[in-house]
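Worksheet: the structure to be examined is printed underneath.
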Amino acid sequence: MVAVFTNVFTTAFRIIQVVLEAFLALGWLILNGAKAAMGGGIATFATSAGAQRRVFAILRAFVPNFTLNKVLMKAYDNTGTAVVSRRVDVLDVLNRNDDFEVVYGTRMRKLTEGENFFLGMQPGWDYTRDTSAMRLAARMDDVSNIVLPRATERASDIVKASGGKIDIVPALTLEVPWDMTATYFGAGGERNAMQEWTTDLFWYLFEDLPADPELDAKAMKYAGELRDYLDGLIKDRKANPTDAEDILNRCLALQSADTPGMSDLGIRNNMLGILIGAIPTISKACCLALDELLNRPDALATAHKAALAGDDALLAMHIWEALRFNPHNPVIYRRATRDAIVGRSTLRQRTIKKGQIVFAGTASAQFDRYDIPTPNQFRTDRPFEDYIIWGYGMHNCFGAAINAAVIPAILKPLLAQKNLRRAAGAAGQIDGGGTPHPQHFHVEFDT
Ligand code: HEM
């Protein structure tokens, strides 16, 4: 009985906290929005992680789930928009594959000029065939045996050679994942071309809300070049076999054993998909995490200590927490396959109509006070399950184990430096050059 009263009290208290937090968020948005508008930077402000976080705080308090007839996402067919912001509903949407389907298939097929890639597939044989084969080719213990030692060495050499001034995007955060595709995937190609292909194709698949025709044309050109490169590479590797422990050789070994999905075309399409997933994502996540740490002197100082002490677990917790505040992808898209209810039997129950795109607010879910303790505090003691950094459910990131090792490996040698700081002026801020992906980010440290 006492427990019931305690629960009623704590629930009421939590609701009051959530509502107060929403009013504070509104005040913050008005004040900082006005300042940004006067300085001419309202667009940057509106898309900033800080503004998005406050908008989600207001939604969670007053309209946790809502739908609009308006089509906001033009890249994939849909009949309107739904936004889901409470953690429990976000996870529910990402778990209900039959009600909420992945949308990417149409653009994936344009990139392969034919078949879908497994991120664009619903549950079924094709998905099981491709993910099973690719998981045999890219084994989890490769991360500690092959990927991590190489990334650690590359990152450390690059930071050492920088002399205390470094534009981390071209020099480090794109370089190390590209090097991984060259040495571990066996499919790095020409460095600049591969970085450009994968970055623009990622943008086209996941970030092109307005369906920009110029980007479409560029994506078709780059996809053709990437396909030609991969077709040539597979042909060449078959003609001139190597004994490298890389994903391409593993795929060819699976082909020799008649493994389903591992035809030349199957290998090419799977390689194309994982290449697009690998380079721009790791680079952007590194930049966003570092940007957030540089904004937080206390966290930067403890991350520096952890890097110096070789406390890799603590260092990684700083990075995941930084990415909670400054996320790589604040939402994940799905589309309702039929009228589907979210938040059933609660005050936030809504029916999402067949055909509506659902923005599942993964960034919001990580700040939901009903499930995440002291969500607005930067803490390094959260269980990893609190984070939704690279997806959730069936389509959770194929590269999860790689990300968990490589992102800290890239940032560690930088964070270990004395007096790590932004370069002066605009150079010390992330520059996307008009794209959703960092192109430059200059930092300095004492040598
Ligand atoms: C920080 C780095 C990364 C981030 C933030 C990230 C993010 C994500 C997210 C959010 C999803 C789920 C998409 C959805 O459900 O709609 C996903 C899936 C996927 N990612 Fe990553 N990713 C990263 C790195 C990588 C790497 C290194 C690879 C390749 C080795 C990769 C390959 C994939 C693939 C193939 C899927 C589809 C998985 C499936 O459908 O089962 N990603 N990623």
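The values are calculated or read from the model by the stated rules, or taken from the named source; none is laboratory data. Computed from a predicted model, the values in this text were never measured in an experiment. Glycine also receives a Cβ, built like all others from the backbone with ideal geometry; neighbour counts cover every protein chain displayed.
Remarks
- Residue in the stretch 105-116 that is within 11 Å of the ligand (Cβ to nearest atom), under 20 Å from the mean Cα position of the chain (by Cα) and crowded, with 21+ Cβ neighbours inside 10 Å present: yes
- Any hit, the stretch 327-341, residues being in contact with a Lys or Arg (Cβ under 8 Å, 6 or more places away or on another chain), β-branched (Val, Ile, Thr) and assigned by TED's automatic domain parsing to the domain that holds Leu94: yes
- Among residues of the stretch 236-260, those that are surrounded by fewer than 17 Cβ atoms within 10 Å (Cβ to Cβ) and within 32 Å of the chain's Cα centre (by Cα), counted: 5
- Scanning the stretch 387-400 for residues that are crowded, with 16+ Cβ neighbours inside 10 Å and within 21 Å of Asp311 (Cα to Cα) turns up just one, Tyr387.
- Qualifying residue in the stretch 12-21 (condition: acidic (Asp, Glu), touching a residue at least 12 places away in the same chain (Cβ under 8 Å) and closer than 30 Å to Tyr204 by Cα): no
- The stretch 51-80: number of residues that are of a type outside the set (D, E, K, R) and within 15 Å of Asp368 (Cα to Cα): 11
- In the stretch 218-250, the residues that are in a helix (DSSP H, G or I) and more than 17 Å from Ile276 (Cα to Cα): Gly232, Ile234, Lys235, Asp236, Arg237, Lys238, Ala239, Asn249, Arg250
- Applying the criterion of being surrounded by fewer than 18 Cβ atoms within 10 Å (Cβ to Cβ) and part of a loop (DSSP other than H, G, I, E, B) to the residues of the stretch 76-96, the residue that is nearest to the chain's Cα centre (by Cα) is Arg96.
Conditions tested, residue by residue: (1) among the polar types (S, T, N, Q); (2) more than 27 Å from Glu101 (Cα to Cα); (3) within 14 Å of the ligand (Cβ to nearest atom); (4) outside the structural domain of Asn116 (by TED's automatic domain parsing).
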site: Asp142; (1), (2), (3), (4): no, yes, yes, no
site: Ala155; (1), (2), (3), (4): no, yes, no, no
site: Gly163; (1), (2), (3), (4): no, yes, no, no
site: Ile168; (1), (2), (3), (4): no, yes, no, no
site: Pro177; (1), (2), (3), (4): no, yes, yes, no
site: Leu209; (1), (2), (3), (4): no, no, no, no
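- Number of residues in the stretch 277-329 that are crowded, with 19+ Cβ neighbours inside 10 Å, within 30 Å of Asp98 (Cβ to Cβ) and not aliphatic (A, V, I, L, M) equals 5.
- One residue stands out in the stretch 344-355 among those that are in contact with a Lys or Arg (Cβ under 8 Å, 6 or more places away or on another chain) and over 21 Å from Arg53 (Cα atoms): the one that is surrounded by the most Cβ atoms within 10 Å (Cβ to Cβ), namely Gly355.
- Filter result for the condition that a residue is more than 9 Å from the ligand (Cβ to nearest atom) and within 30 Å of Lys353 (Cβ to Cβ), over Ala336, Ala309: Ala336
- Some residue of the stretch 292-303 being part of a loop (DSSP other than H, G, I, E, B), farther than 28 Å from Pro436 by Cβ, among the small types (Gly, Ala, Ser) and out of contact with any Lys or Arg (no Cβ under 7 Å at 6 or more places or on another chain): no
- Checking each residue in the stretch 73-95 for being among the hydrophobic types (A, V, I, L, M, F, W, C), under 20 Å from Leu209 (Cβ atoms) and touching a helix residue (DSSP H, G or I) at 6+ places or on another chain (Cβ under 8 Å) picks out Ala75, Val83, Val84, Val90, Leu94.
- Check on Thr131, assigned by TED's automatic domain parsing to the domain that holds Lys353, within 11 Å of the ligand (Cβ to nearest atom), in a helix (DSSP H, G or I) and not small (Gly, Ala, Ser): yes
- Pick from the stretch 4-37, criterion in contact with a Phe, Trp or Tyr (Cβ under 7 Å, 6 or more places away or on another chain) and small (Gly, Ala, Ser), ranking: surrounded by the fewest Cβ atoms within 10 Å (Cβ to Cβ): Gly33
- Within the stretch 134-166, tally of residues that are part of a helix (DSSP H, G or I), among the charged types (D, E, K, R) and more than 30 Å from Ala424 (Cβ to Cβ): 5
- Close pairs from the stretch 108-130: first more than 12 Å from Leu205 (Cα to Cα), partner crowded, with 19+ Cβ neighbours inside 10 Å and of a type in the set (A, V, I, L, M), Cβ under 6 Å, at least 6 apart: Asn116/Met108; Tyr127/Met121
- Contact map, the stretch 225-236: first residue at pLDDT 95 or above, second residue not in a helix (DSSP H, G or I), Cβ cut-off under 7 Å, separation 6 or more or different chains; pairs are Arg227/Glu113; Tyr229/Gly189; Leu230/Ala187; Leu233/Ala187.
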